[in-house]
Amino acid sequence: MHIIKLKNEDILLEEISKGNEIAFKTIYDNYFNKLSTYIYKLCKSKDATEEIVNDVFLKIWTSKSDLSIVYSFEAYLFTMARNKAIDYLRKLAKNTHLISELTDQIKNVHNDVEEKLDAEALRMLIDQALSQLSDQKKKIFKMSKEDGYSHDEIAANMQLSKSTVKNHLSETLKHLKKQIDPESDKGLLLLVLLVNLLD
């Protein structure tokens, strides 16, 4: 996902930290669509997307004094949004209707999946698929998808190039997708969400 950074973004963020509502509106307009698209891909719910995006920007405004110490606003914004999406999905997991929610998603992806397939069975399938990979690929996947490390952080931690990290992640996700549903793009999304949802 690529967002064109505003030329005067640093100045706008400084103005927001001082309470400038016009500057806030400019930042809001620049990021709103991309952030909404990102959240919807995770939650698959228009209502949840709207609520999460509003919560994120509200948090940006109410904690505007923190912007002065933010190194990368884009990373700060999307990390906050990702965490709120995970919180939403965890709450959904506690709901008694979780299995039917997951089953509905799976049916839309692949009609041959058993209707009573539960989240634990899916996680077991993920673990089994990961066990077929090298230790390096498993570690990179865990650091990225479970621990939330960036590609740069993983590369530095494992003394690898950023491109190597990205290639390993791409190969791993393709492998997982193939294990769940080789014909669907939505299967991969479900896998990534479940890795974040389940302990």
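The values are calculated or read from the model by the stated rules, or taken from the named source; none is laboratory data. On a predicted model such as this, the values are computed, not experimentally measured, just so you know. With ideal geometry, Cβ positions are generated from the backbone for all residues, glycine too; neighbour counts draw on all protein chains shown. In case anyone asks, the SASA skips ligands and DNA or RNA and just uses the protein heavy atoms, side chains included. Shrake-Rupley method; radii C 1.70, N 1.55, O 1.52, S 1.80 Å.
Among the residues of the stretch 33-75, those identified as hydrophobic (A, V, I, L, M, F, W, C) and open to solvent by 70 Å² or more (accessible area, probe 1.4 Å) are Leu58, Ile69. Taken together, the criteria place Ile106 among residues that are in a helix (DSSP H, G or I), at pLDDT below 90 and over 14 Å from the mean Cα position of the chain (by Cα). Just give me the residues in the stretch 157-186 being at pLDDT 85 or above and among the hydroxyl-bearing types (Ser, Thr, Tyr), in sequence order. Residues satisfying the conditions are Ser161, Ser163, Thr164. Residues in the stretch 143-161 that are surrounded by fewer than 14 Cβ atoms within 10 Å (Cβ to Cβ) and without any contact (Cβ under 8 Å) to a residue 40 or more places away in the chain: Asp147, Asp152, Ala156, Asn157, Gln159, Ser161. Counting residues in the stretch 34-44 that are of a type in the set (D, E, K, R), modelled with pLDDT under 90 and under 23 Å from Asp147 (Cβ atoms) gives one or more. Here the condition is being farther than 27 Å from Asp152 by Cα and at pLDDT 85 or above; of Glu114, Glu74, Glu51, it holds for Glu51 alone. Take Asp199 and decide whether it is open to solvent by 70 Å² or more (accessible area, probe 1.4 Å) and either of a type in the set (A, V, I, L, M) or modelled with pLDDT under 85 (or both). Considered against the rule, which asks whether it is open to solvent by 70 Å² or more (accessible area, probe 1.4 Å) and either of a type in the set (A, V, I, L, M) or modelled with pLDDT under 85 (or both), Asp199 comes out as yes.
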